[in-house]
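What follows is a set of notes on a single structure, which appears directly below.
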Amino acid sequence: MSEEADSRGIHAVFFDIFKKYKKYIKKEHFNILEKIIFNLDSEVYKAEKELYLDIFSLVKNAE
C-alpha cells in the first residue's frame, strides 16, 4: 500500500479505499462525505486531510 501511495498519491489510494464502503451507506450520505473530504478548496478538507492521513496509517498498520 505504501508503494502504491508513493506512486499514485495518498489521496488517490485513500479514495479507492473509501469507495469500497460506498455500498454500505446511503447514496446521499456517501455523496456528502465525498464532498467534505475531497473538496480541495474547502476549509473542511484541510482539517480532514490530517484525519485521512491518520486513517491511512491505521489501515497500513493493520495489514
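Search the stretch 1-24 for residues that are without any contact (Cβ under 8 Å) to a residue 60 or more places away in the chain and pair each with any residue that is acidic (Asp, Glu) and assigned to a helix (DSSP H, G or I) when their beta-carbon atoms are under 8 Å apart and the residues are at least 6 apart or on different chains.
Cβ pairs passing all conditions: Val13/Glu4; Phe18/Glu34.
Taking only the stretch 6-43 into account, find how many residues are within 26 Å of Ala62 (Cβ to Cβ) and at pLDDT below 75.
The qualifying residues number 3.
If I filter the stretch 54-63 for residues that are modelled with pLDDT of 75 or more, among the charged types (D, E, K, R), out of contact with any Cys (no Cβ under 6 Å at 6 or more places or on another chain) and exposed (fewer than 11 other Cβ atoms within 10 Å of the Cβ), do I get at least one hit?
So far as the stretch 54-63 goes, yes, one or more of its residues are modelled with pLDDT of 75 or more, among the charged types (D, E, K, R), out of contact with any Cys (no Cβ under 6 Å at 6 or more places or on another chain) and exposed (fewer than 11 other Cβ atoms within 10 Å of the Cβ).
The values are calculated or read from the model by the stated rules, or taken from the named source; none is laboratory data. The structure presented is a predicted model; accordingly, all values stated were derived computationally and were not measured. Neighbour counts are summed over all protein chains in view; Cβ atoms, including those assigned to glycine, are modelled from backbone coordinates with ideal geometry.
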